[in-house]
Each structure stands twice: as structure tokens, then as C-alpha cells.
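Beneath this line is the structure, given in C-alpha cells, with notes to follow.
The values are calculated or read from the model by the stated rules, or taken from the named source; none is laboratory data. Since we're looking at a predicted model, the values are computed, not measured. Cβ placement follows ideal geometry from the backbone for every residue including glycine, while neighbour counts extend to all protein chains displayed. Accessible surface is based on the protein model in full, side chains and every heavy atom, while ligands, DNA and RNA are left aside. Shrake-Rupley method; radii C 1.70, N 1.55, O 1.52, S 1.80 Å.
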Amino acid sequence: MVNLLRTELILIRHGETDWNKDERIQGQQDIPLNEKGRSQAAHLKPAMKSLNPDVINSSDLSRALETASIGTEKEISEIIHDKGLRERCFGSYETHSRQFIRENWDSTFFMDMYGEPSKDIEGAEKIFDFQNRVVESLSGIAKQHPNERIAIFTHGGVIRAWTCKWLEISLTSPKRFHVKNTSIHKFHSDPELEWIVNSIGDTSHNELNNNL
């Protein structure tokens, strides 16, 4: 078994897109950052310099890759692209707004008291298949880089699926934490518990810059 004793995973959600602002479901649609998202990514630079990751991985979708490139000051070609880090596929719900979906198909869609959407959706990943994909992808990356600090630029659903796994919270339980744009989430490996959650949802880099 690979020794994961001191492996660290730093998960960072991408910056804002116009679809985030409009509450449209992106899923695996390739939507770029907007100007606010690029500014949020730039605010990550001091934090990423302090963290000094050994490896940088990213979802291959442009909103994550651009956040990674701006936040770490690396060329996109220097960042490891990984389809396994993509957001959950929402099938026929993608491109529609949350309000439209609630009014037409699913009245509880993305409401905190109902947790992650679990209703079967045409063409979408089932919720626990998605979580299994996330756990397999992130565990695989960690095994490739034992005893290193790995920065992972990805999506809100991916971060929530991984975090809920190790806090033993069902994805369909009421939401107890939020995953904001460019929030940082830290984990380290443990031989007994596999992964320990060190911190969730750090956005102090954005708050600091907003107060300047």
C-alpha cells in the first residue's frame, strides 16, 4: 500500500462565471470565467504562494483551468488536466436556471434543506455515481504523489462530494456548509481514517482584498 501519511490535498473551487451569477446549471458545459471570476482568481496568488504546492491538477474545463493558471501564475500547459475532476453532469438540466428547473421539473432543486439534487435526470450522472467518481479520481491523484502537497482546481460539486465522504454526511442530507467561488478546502491523509478535513471554505483571500 502506498504511504499517504503526509499527503495533502488542497481543493479550490473555480472563480465566478456569468452562469454562476445567473444561477444557470453549468454541469460539464465549458463556461469561461467572467471579470469578477478572474479578479477572484488573482486574489488567490498570495495564498497559493504560501501553500507552495508540489503538484497542480485541474479539471479540464476552462473555468477551473483559468482559475488555476491565474491563481498559481503558471501556464495552462504546466497544469495537469484531469477529466475526472469535472463537475457532475446534469444532463438535460444543463443550461437552464435553478428557478426554471424549480418551476417546471423539481421544486426542491438545489435548496439547502434538501441537500444535493438526487432526482433522476435525463442524461445526468446519478448522485452517488458522481461521488464515487470524485473519490476515485482524487484518491488516484494522491496515490500518484505520496507525501506531497497537491493543489486541485475543480468545482463546487466535486468539493462537496469529497468533503461529505470523509465527514460521513450523505450528499442528500441538508447542506451544512457552502462552497463559494475560489474557496480553499484542506485535507491530509491519515493511515487509520484515510483523510482528515483540516479546513473548509476559506475565502479570507477575497475578504482581505475586498477590504483594501
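So which residues in segment 165-185 are closer than 18 Å to residue 137 by Cβ and in a strand (DSSP E or B)? Working first, answer last.
Taking segment 165-185 as the starting set, the residues that turn out to be closer than 18 Å to residue 137 by Cβ are 165-166, 171, 179, 185.
Across segment 165-185, the qualifying residue is only 185.
If you go through segment 176-212, how many residues are open to solvent by less than 40 Å² (accessible area, probe 1.4 Å) and of a type in the set (Lys, Arg)?
Residues meeting the conditions: 0.
Can you find a residue in segment 58-77 that is out of contact with any Phe, Trp or Tyr (no Cβ under 7 Å at 6 or more places or on another chain) and closer than 17 Å to residue 145 by Cβ?
yes
Residues that are at pLDDT 95 or above, open to solvent by less than 70 Å² (accessible area, probe 1.4 Å) and assigned to a strand (DSSP E or B): does segment 114-124 have at least one?
Scanning segment 114-124, I find at least one residue that is at pLDDT 95 or above, open to solvent by less than 70 Å² (accessible area, probe 1.4 Å) and assigned to a strand (DSSP E or B), so the answer is yes.
Answer yes or no: is there a residue in segment 2-9 that is modelled with pLDDT of 95 or more, charged (D, E, K, R), in a loop (DSSP other than H, G, I, E, B) and open to solvent by 40 Å² or more (accessible area, probe 1.4 Å).
no
Looking at residue 64 and the list (1) open to solvent by 20 Å² or more (accessible area, probe 1.4 Å); (2) in a helix (DSSP H, G or I); (3) closer than 21 Å to residue 131 by Cβ, which single condition is not satisfied?
(1)
Okay, residues lined up against (1) under 20 Å from residue 177 (Cβ atoms); (2) touching a strand residue (DSSP E or B) at 6+ places or on another chain (Cβ under 9 Å); (3) part of a strand (DSSP E or B); (4) open to solvent by less than 40 Å² (accessible area, probe 1.4 Å):
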residue	(1), (2), (3), (4)
11	yes, yes, yes, yes
15	yes, yes, no, yes
26	no, yes, no, yes
31	no, yes, no, yes
38	no, no, no, no
41	no, yes, no, yes
47	yes, yes, no, yes
50	no, no, no, no
53	no, yes, no, yes
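Take the residues in segment 69-113 that are free of Cβ contacts under 8 Å to residues at least 60 places away in the same chain, closer than 19 Å to residue 181 by Cα and part of a helix (DSSP H, G or I); name whichever of them is least open to solvent (accessible area, probe 1.4 Å).
Of everything passing the filter in segment 69-113, 69 is least open to solvent (accessible area, probe 1.4 Å).
Which members of segment 152-162 meet the condition of being closer than 23 Å to residue 112 by Cβ and buried (at least 22 other Cβ atoms within 10 Å of the Cβ)?
If the condition is that a residue be closer than 23 Å to residue 112 by Cβ and buried (at least 22 other Cβ atoms within 10 Å of the Cβ), then 154, 155, 157, 158, 159, 160, 161, 162 are the ones that fit.
On the basis of being buried (at least 18 other Cβ atoms within 10 Å of the Cβ) and either in a strand (DSSP E or B) or touching a His at 6+ places or on another chain (Cβ under 8 Å) (or both), does residue 141 make the cut?
Values: buried (at least 18 other Cβ atoms within 10 Å of the Cβ): yes; either in a strand (DSSP E or B) or touching a His at 6+ places or on another chain (Cβ under 8 Å) (or both): no.
For residue 141, the condition - buried (at least 18 other Cβ atoms within 10 Å of the Cβ) and either in a strand (DSSP E or B) or touching a His at 6+ places or on another chain (Cβ under 8 Å) (or both) - is not met.
(1) at pLDDT 95 or above; (2) open to solvent by 50 Å² or more (accessible area, probe 1.4 Å); (3) on the phi > 0 side of the Ramachandran plot: which one isn't true of residue 149, the others all being true?
Failed condition: (3).
Results for (1) modelled with pLDDT under 95; (2) over 23 Å from residue 16 (Cβ atoms), shown as yes or no for each residue.
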| site | (1), (2) |
| --- | --- |
| 144 | no, yes |
| 153 | no, no |
| 162 | no, no |
| 167 | no, yes |
| 187 | no, yes |
| 200 | no, no |
| 211 | yes, no |
